[in-house]
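Have a look at the structure below, then the notes.
The values are calculated or read from the model by the stated rules, or taken from the named source; none is laboratory data. Quick caveat: nothing in here was measured; it's all calculated off a predicted structure. Glycine also receives a Cβ, built like all others from the backbone with ideal geometry; neighbour counts cover every protein chain displayed. Just the protein is used for accessible areas: all its heavy atoms, side chains included, with ligands, DNA and RNA removed. Shrake-Rupley method; radii C 1.70, N 1.55, O 1.52, S 1.80 Å.
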Amino acid sequence: ANAFNGNNDAFLARQAEFESNVRSYPRKLPLAIAKAHGVWITDVENKQYLDCLAGAGTLALGHNHPDVLQSIQNVITSGLPLHTLDLTTPLKDQFSESLLSLLPGQGKDYCLQFTGPSGADAVEAALKLAKKATGRSGVISFSGGYHGMTHGALSVTGNLAPKEAVDGMMPEVQFMPYPHQYRCPLGIGGEAGVKALTYYFDNLINDVESGVRKPAAVILEAVQGEGGVNPAPAEWLQRIRKVTQEHGILLILDEVQAGFARTGKFFAFEHAGIEPDIIVMSKAVGGGLPLAVLGIKKQFDVWSPGHHTGTFRGNQLAMATGLTTLKILKEQDIAGKVAAQGEWLKQQLAAMQKRFPVIGHVRGLGMMIGIEIVKPNEAADHMGSFPADGELSALLQKKCFEAGLILERGGRHGAVLRLLPSLLITNDELAIFLDKFEQALIGAGVKPV
Ligand code: PMP
């Protein structure tokens, strides 16, 4: 046994010596994990936390689901190699069939491409492929969008903080405003705001004097995650699909966080009934282990062998845990359950908002919920503005942590508290969340009205 067992601080201090300066999570959530099960994490001091982060949405079935663990055991006893260099196995065959069948139209117009193990790696592959497929080089992305930290993925990411880490991004990336229910970037709001943003997009593509050359691709999240939980309105997404199709621009939907039943549909773009040209999948697709896959419309499958490769594509263990996850999501209609639970949770939070006006806005879909925290005098004039700062949300995250609740922040200044729990979370466990969250609000000195 480790001499530090029973002391979070001792582990954290040692880790600070081992690791470079970019450790971010341990600073916000200072615990050393001893074990985890379902929605619960236990630290080395034996304190329990309700995990409403679930690996930033990776653990669709929560921690250590028995069937997921069993699927790892099955790989071990089957004698399958742990590493295959993406060679074929019966497991890969089964996983591919299962995943493809969940894509639009049962996947008949799509093929799969296993990429390196992370979301960023898959985004990278998607951008490269779109450039090759169209013979063009530009990309349109959206403010608040998050696609990963590798060079290309960072270049299409809206957040400027990680860009300070490096000089020079991929050229020809054009950012456009993304719809926002609470802080419409055009300062208009409501349906009129969405319509205006739709015109904005149309004009940028159609106007020969917009200054923007026709891009290879448009990349977006149908529900922005790191950007503060922003669901895209269906009509806006449908219009983007139509315009990109008319111009032969590839539409890349990044489903890394919002995919796999998280928003109450298997993919978040299904809320708008559209079919992307490239679907980027990671996180939950691997059931907790590293896996990333592209779904590619066959007509854009233009690479030849050798155009793109990587050592750690298609990890066997991740396919086993991914296959089990897909099976449970599908057979138990987890999307339907999550959709109803999300609506219930938003109602509960709306009731809490009446008592605690620092809750400026509650939004999201399914088990991807954002709670935007505002200052008392900030709420009245939010359209077209940004959060004043993230001080109170940071304090709330800390108070939640002390109350035994793990959640993450997102959006400008991290003003949005984000909920991404296991999709198997029960209503009783959500009630515990509500209790702990209220405790944290009071602990942060927020007085109910
Ligand atoms: N896209 C989205 C929408 C994400 O949320 C993330 C990770 N938070 C990524 C891409 C990058 O994935 P990874 O961290 O595995 O590179």
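A few comments on the model shown:
- Scanning the range 147-206 for residues that are within 22 Å of G414 (Cβ to Cβ) and in contact with a Phe, Trp or Tyr (Cβ under 8 Å, 6 or more places away or on another chain) yields T157, G158, N159, F175, P177, Y178, P179, R183, P185.
- Of residues in the range 125-139 being assigned to a helix (DSSP H, G or I) and within 15 Å of the ligand (Cβ to nearest atom), the one surrounded by the most Cβ atoms within 10 Å (Cβ to Cβ): A126
- Which listed residue is modelled with pLDDT of 95 or more, in contact with a strand residue (DSSP E or B) (Cβ under 7 Å, 6 or more places away or on another chain) and outside any strand (DSSP E or B), from Q353, Q347: Q353
- Selected residue (criterion: surrounded by the fewest Cβ atoms within 10 Å (Cβ to Cβ)) from residues of the range 424-449 that are aliphatic (A, V, I, L, M) and in contact with a Gly (Cβ under 8 Å, 6 or more places away or on another chain): L424
- When we screen G248, G264 for residues that are open to solvent by 20 Å² or more (accessible area, probe 1.4 Å) and more than 16 Å from the ligand (Cβ to nearest atom), the only hit is G248.
- Qualifying residue in the range 218-230 (condition: more than 16 Å from the ligand (Cβ to nearest atom) and not in a loop (DSSP other than H, G, I, E, B)): no
- Residue match in the range 161-171 (condition: assigned to a loop (DSSP other than H, G, I, E, B), charged (D, E, K, R) and on the phi < 0 side of the Ramachandran plot): yes
- Residue tally, condition without any contact (Cβ under 8 Å) to a residue 60 or more places away in the chain and either part of a strand (DSSP E or B) or among the charged types (D, E, K, R) (or both), over the range 283-307: 0
- Residue, farthest from the ligand (Cβ to nearest atom), within the range 276-317, restricted to residues that are within 19 Å of the chain's Cα centre (by Cα) and open to solvent by 40 Å² or more (accessible area, probe 1.4 Å): L289
- Selection count, the range 112-124, where residues are open to solvent by less than 30 Å² (accessible area, probe 1.4 Å) and more than 12 Å from the ligand (Cβ to nearest atom): 1
- Qualifying residue in the range 138-147 (condition: touching a residue at least 60 places away in the same chain (Cβ under 8 Å), closer than 20 Å to Q299 by Cβ and in contact with a Pro (Cβ under 6 Å, 6 or more places away or on another chain)): yes
- Taking first residues from the range 221-241 that are at positive phi and partners that are within 11 Å of the ligand (Cβ to nearest atom) and of a type in the set (S, T, Y), no Cβ contact under 9 Å between residues at least 6 apart in sequence or on separate chains turns up.
- The residues on offer are A340, A320, and the sole one that is in a helix (DSSP H, G or I) and open to solvent by less than 10 Å² (accessible area, probe 1.4 Å) is A320.
- Remark: pairs (first residue in the range 57-76, more than 26 Å from G370 (Cα to Cα) and among the charged types (D, E, K, R); second residue open to solvent by 80 Å² or more (accessible area, probe 1.4 Å) and assigned to a helix (DSSP H, G or I); Cβ separation under 9 Å; 6+ apart in sequence or on different chains) = D67/K327.
- Condition met for F401 (assigned to a loop (DSSP other than H, G, I, E, B), out of contact with any Ser or Thr (no Cβ under 7 Å at 6 or more places or on another chain) and among the aromatic types (F, W, Y)): no
- You will find that of T198, T157, the residue that is surrounded by 15 or more Cβ atoms within 10 Å (Cβ to Cβ), among the β-branched types (V, I, T) and touching a Ser or Thr at 6+ places or on another chain (Cβ under 8 Å) is T157 and no other.
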